[in-house]
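Enquirer: Before anything else, here's the structure in question.
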Amino acid sequence: MRRITVDGRRFAVGESDPSEDTHTPVMFVHGFPLDRRMWDGVADAMAGRRLLTPDMRGFGESDPLGSEPAFTIDDLADDVVGLAEAAGVSAPFDLVGLSMGGYVALSVAARHPDRVRRLVLSNTKASPDTPEAAAARRRVAEQTLRDGTDPLAATMTPKLLSETTREDSPEVVETVAAMIRRCRPETVAAAQHAMAARPDRTADLPSIASRTLCIAGDDDRVTPPSFLEAIACRLPRARCVTIPRAGHLAPLERPRRFAAVLCAFLDAEED
Ligand code: MLT
């Protein structure tokens, strides 16, 4: 893990930096309320490539949010661009985002198109929250500031994972629950407010020129495959792959399959 400072904020960034790698660097943006370690299995399966897995601001081992905790999804997108630059990645990079990380990746692709070579949107959506969903997020924010992250881990973990993972992989269930419990309550609250206020990116999709892969989990009840298909059919250069026996956390539940799908996309000579 490396520490990288961007605009006075210190981030923890997982980095594999093979000296002889000729592939385009890949930046991975984690989901909520998780951290960079959700990509560990995928990173292991992609050894030999230059991969960057930051803890987003306030998450994981990045610095706490401090006295001005509020942020927007666009702020996280600007952090991604700043992190790439600070890590010495000056050419366009490949960008992979899961769920909240997908909102961030779409913001980077729409607002910094010159920085993204290829885009991978996993278990996410382009549409904004309904008023009811935004209100529910604000309630979760208040509740977590009051009661901590244990109740959140208890309610969220089963919703994020496929039935197969829940039945066959207790260690994955515990990894996810522990990651949620470790998340700082003020980060949960700030991220919930940021996601509640995120813009509708649907109208931006037709102008995203990067070749794009949308990845769904066939048992994702948070962002079902139809959500990813809806994104792919509006993008000019996209296709959609569904991973079997995966829920909302496809890369954590089926890391080798996810890495194989991702590498096949990145290595296709279509650019
Ligand atoms: C995530 O996995 O990042 C969350 O499900 C995103 C969300 O709450 O919209």
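Enquirer: Go through the stretch 20-40 and report how many residues are among the acidic types (Asp, Glu) and either under 19 Å from the mean Cα position of the chain (by Cα) or at pLDDT 95 or above (or both).
Expert: We begin by selecting, within the stretch 20-40, every residue among the acidic types (Asp, Glu); these are 20-21, 35, 40.
Applying the additional criterion that residues be either under 19 Å from the mean Cα position of the chain (by Cα) or at pLDDT 95 or above (or both) yields 35, 40.
Result for the stretch 20-40: 2.
Enquirer: Separate question: Of the numbered conditions (1) more than 26 Å from Arg182 (Cα to Cα); (2) modelled with pLDDT of 95 or more, Asp17 satisfies every one except a single condition; which is it?
Expert: (2)
Each row is one residue, and each column tells you yes or no for (1) in contact (Cβ under 8 Å) with a residue 24 or more places away in the chain; (2) of a type outside the set (Lys, Arg); (3) more than 19 Å from Gly60 (Cβ to Cβ).
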residue	(1), (2), (3)
Lys159	yes, no, yes
Thr164	yes, yes, yes
Glu174	no, yes, no
Glu186	yes, yes, no
Met195	yes, yes, no
Pro199	yes, yes, yes
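Enquirer: Report, by residue number, each residue of the stretch 181-240 that is more than 16 Å from the ligand (Cβ to nearest atom), part of a loop (DSSP other than H, G, I, E, B) and among the small types (Gly, Ala, Ser).
Expert: Ala209, Ser210
Enquirer: Additional query: Which of the residues belonging to the stretch 29-50 are within 16 Å of the ligand (Cβ to nearest atom) and in a loop (DSSP other than H, G, I, E, B)?
Expert: Scanning the stretch 29-50 gives His30, Gly31, Phe32, Pro33, Leu34, Asp35.
Enquirer: In the stretch 203-226, is there at least one residue being closer than 22 Å to Ser62 by Cβ and among the acidic types (Asp, Glu)?
Expert: no
Enquirer: Let me ask you something else. Of everything in the stretch 241-254, what is touching a helix residue (DSSP H, G or I) at 6+ places or on another chain (Cβ under 7 Å) and either more than 16 Å from the ligand (Cβ to nearest atom) or assigned to a loop (DSSP other than H, G, I, E, B) (or both)? Give them in sequence order.
Expert: Val241, Thr242, Arg245, Ala246, Gly247, His248, Leu249
Enquirer: Continuing with this model, one more query. For the stretch 135-157, give me each residue that is away from the ligand (no atom under 15 Å from the Cβ) and free of Cβ contacts under 8 Å to residues at least 24 places away in the same chain.
Expert: Correct list: Arg146, Asp147, Pro151, Ala154.
Enquirer: Continuing with this model, one more query. Every residue in the stretch 155-169 that is open to solvent by less than 90 Å² (accessible area, probe 1.4 Å) and either more than 16 Å from His248 (Cα to Cα) or in contact with an Asp or Glu (Cβ under 8 Å, 6 or more places away or on another chain) (or both), please. Quick ask: steps written out before the conclusion?
Expert: Step one: filter the stretch 155-169 for residues open to solvent by less than 90 Å² (accessible area, probe 1.4 Å), giving 155-158, 160-162, 164-165, 169.
Of everything in the stretch 155-169, those that are open to solvent by less than 90 Å² (accessible area, probe 1.4 Å) and either more than 16 Å from His248 (Cα to Cα) or in contact with an Asp or Glu (Cβ under 8 Å, 6 or more places away or on another chain) (or both) turn out to be Leu161, Ser162, Thr164, Thr165, Ser169.
Enquirer: Can you find a residue that is within 12 Å of the ligand (Cβ to nearest atom), open to solvent by less than 10 Å² (accessible area, probe 1.4 Å), modelled with pLDDT of 95 or more and under 18 Å from Leu160 (Cβ atoms) anywhere in the stretch 64-78?
Expert: No, that holds for no residue.
Enquirer: Go through the stretch 107-124 and give me each residue that's outside any helix (DSSP H, G or I) and buried (at least 19 other Cβ atoms within 10 Å of the Cβ).
Expert: Pass one, the stretch 107-124, residues outside any helix (DSSP H, G or I): 112, 116-124.
Val116, Arg118, Leu119, Val120, Leu121, Ser122, Asn123, Thr124, listed by residue number.
The values are calculated or read from the model by the stated rules, or taken from the named source; none is laboratory data. Worth saying up front: this structure is predicted, and the values here are computed from it rather than measured. So basically every Cβ, Gly included, is an ideal-geometry build from the backbone, and we count neighbours across all protein chains shown. Heads up: the accessible areas ignore ligands, DNA and RNA and are worked out on the full protein's heavy atoms, side chains in. Shrake-Rupley method; radii C 1.70, N 1.55, O 1.52, S 1.80 Å.
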